[in-house]
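Notes for the one structure printed next.
The values are calculated or read from the model by the stated rules, or taken from the named source; none is laboratory data. Please read these numbers as outputs of a predicted model, since none were measured by experiment. Ideal geometry is used to build each Cβ from the backbone, glycine not excepted, and the neighbour counts take in all protein chains shown.
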Amino acid sequence: MRGTGTTIGQAPIVRHITHITLLAAMLVIASAVAIAVVHQLMRVSGRHVASVDGAAAAACLIVGVLVAAVLLAALVMAVARHRRPEDASGRAPRLTSRHRAAANATVWAVIATLAVGAAADAFTALPGGAVAAGALIAGLLGGVTGAVHRRAHGQAAYRSFNMVALLLAAGCLASMSMTTTGAWWALNFSTLGTSDDLAAVFFNLGLILSGLAMAAMSGRLASGIERPEHAARRGAVPTVRALIAVIGISLAGVGFVPIDTDEVLHNTFACAAGAAFALLASLTPVLVRRMPRSFAIMSRASLVLEVSAFVVYDRLGLVSLTVFEIVAFALVFVWLITLVVTTHPVVIHELSELGPAGVEESDADGPVAPVLVGRHRRAGSIAEVHVPVRRLPASVMPARGMQPAYAGLS
């Protein structure tokens with residue numbers, strides 16, 4: 001059955017649960033950022049939180065709430081569903097990929113800036129100090145995350161995992177801003193979870209929630225390599241899924257067992273996560289025979305960077321364990337996001353987001369071509385659904401020699 005207005009999406013109950021979960025995650029992220037802003041403003045003013053006067057505390061709180069509100073709006077924009085033209089009221093401008101990318105980049109850049117501010121003393125030896133380091137890190141992170149989001153915001157798996165990464169980053173940020181452990185960056189990242197106060201709760205809870213979410217999403221993250229154009233070997237999907245789940249469970253274990261509670265078990269979880277990622281990055285290009293060459297290169301580069309960071313820390317002693325841990329965690333999330341962006345077709349889980357004019361309207365008129373984007377099961381049969389797409393972005397179009405993207409939707 002063919003048609004131009006057919007929309008197929010997730011079951012209503014699944015969609016509602018997904019929306020509630022995303023909203024809860026966004027509220028937690030915004031709250032964590034607000035806490036970080038308030039505490040850093042207190043620190044800059046040279047006062048302790050417990051002894052600050054009421055007027056200064058109120059001013060800091062207002063600024064924190066305003067920043068959190070802006071970031072919450074940006075998060076909503078970044079994950080907003082594609083509106084159909086007929087659903088638009090005409091009063092609000094329709095969101096485009098540029099808007100979503102800018103919103104996502106803003107959130108990441110703000111978190112990076114505040115994180116550098118929370119550990120400002122660690123950057124005093126660098127030229128320009130914390131200000132230059134914050135501008136550089138925020139600019140680079142914002143640029144990269146914005147570019148990736150612009151290409152991949154139509155992929156439901158990417159949007160969900162991006163929120164998982166933001167949840168972990170926000171939890172660490174709140175902990176870094178509130179901690180009373182002193183120069184934690186000179187010891188190790190896990191020191192943030194040892195203060196037995198709210199700062200430790202944010203750090204450990206961020207690890208637990210993001211780790212469990214990663215483990216729960218392991219099947220969804222690995223499902224893209226099942227597509228026939230990737231020519232995955234037998235057992236590739238279960239292997240990749242299992243390794244991602246091990247990383248997630250190990251990450252949660254690091255949060256469940258702070259280093260001051262049981263150092264051996266804590267380090268076992270941390271080493272298990274590192275070993276699982278090393279296996280994942282080295283085996284995936286072998287198990288999946290037709291992965292894009294850029295992904296294979298990126299996997300090898302990730303392994304080289306992880307090993308190099310370990311040598312610089314463990315053998316040369318040029319950086320602290322904290323630097324190595326940050327590099328290792330960042331590599332895991334960057335690699336997994338690259339896997340999703342590379343292997344998942346756009347709009348495979350939420351077909352209902354497509355409007356009659358396609359994934360995104362183009363300013364220029366062009367020929368409308370029916371593109372097979374999904375299959376629908378009804379009464380024991382499978383009906384192909386074609387949605388007319390006007391000038392699909394390059395990230396949506398299948399590469400040369402690839403088959404159209406199918407979505408097994410029930």
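Conditions (1) hydroxyl-bearing (Ser, Thr, Tyr); (2) touching a helix residue (DSSP H, G or I) at 6+ places or on another chain (Cβ under 9 Å); (3) modelled with pLDDT under 85, marked per residue:
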position	(1), (2), (3)
HIS39	no, yes, no
ARG43	no, yes, yes
ALA50	no, no, yes
VAL76	no, yes, no
ASN104	no, yes, no
TRP108	no, yes, no
ALA119	no, yes, no
ALA122	no, yes, yes
ALA135	no, yes, no
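Just so you know, in the stretch 338-351 the residues that are surrounded by fewer than 22 Cβ atoms within 10 Å (Cβ to Cβ) and at pLDDT 85 or above include one that is farthest from GLU226 (Cα to Cα), and it is THR338. When we screen ALA24, ALA59, ALA11, ALA80 for residues that are modelled with pLDDT of 85 or more and under 29 Å from the mean Cα position of the chain (by Cα), the only hit is ALA24. Quick one: which of VAL323, VAL304, VAL327 is farther than 21 Å from TRP184 by Cα and of a type in the set (Val, Ile, Thr)? Of the residues listed, the single one that is farther than 21 Å from TRP184 by Cα and of a type in the set (Val, Ile, Thr) is VAL304.
In contact with an Asp or Glu (Cβ under 7 Å, 6 or more places away or on another chain), over 15 Å from LEU251 (Cα atoms) and surrounded by fewer than 16 Cβ atoms within 10 Å (Cβ to Cβ) - does that describe any residue in the stretch 222-229? Within the stretch 222-229, none of the residues are in contact with an Asp or Glu (Cβ under 7 Å, 6 or more places away or on another chain), over 15 Å from LEU251 (Cα atoms) and surrounded by fewer than 16 Cβ atoms within 10 Å (Cβ to Cβ). When VAL240, VAL246 are checked against the criterion of being part of a helix (DSSP H, G or I), touching a residue at least 12 places away in the same chain (Cβ under 8 Å) and in contact with a Leu (Cβ under 8 Å, 6 or more places away or on another chain), a single residue qualifies: VAL240.
Set side by side, the residues ARG150, ARG220, ARG234 differ, and just one is of a type in the set (Lys, Arg) and not in a helix (DSSP H, G or I), which is ARG234. Just so you know, in the stretch 163-213 the residues that are assigned to a helix (DSSP H, G or I) and free of Cβ contacts under 8 Å to residues at least 40 places away in the same chain include one that is surrounded by the most Cβ atoms within 10 Å (Cβ to Cβ), and it is SER175.
So which of SER282, SER299 ends up being surrounded by 17 or more Cβ atoms within 10 Å (Cβ to Cβ), of a type in the set (Gly, Ala, Ser) and either within 21 Å of MET214 (Cα to Cα) or modelled with pLDDT of 85 or more (or both)?
Within the list SER282, SER299, the selection yields SER299.
Could you give every pair whose Cβ atoms fall below 9 Å, whose first residue belongs to the stretch 118-139 and is on the phi < 0 side of the Ramachandran plot and in contact (Cβ under 8 Å) with a residue 24 or more places away in the chain, and whose second residue is in a loop (DSSP other than H, G, I, E, B) and buried (at least 16 other Cβ atoms within 10 Å of the Cβ), counting only separations of at least 6 or pairs across chains? Taking only residues 6 or more apart or on different chains, the pairs are ALA118/THR179; ALA122/SER320.
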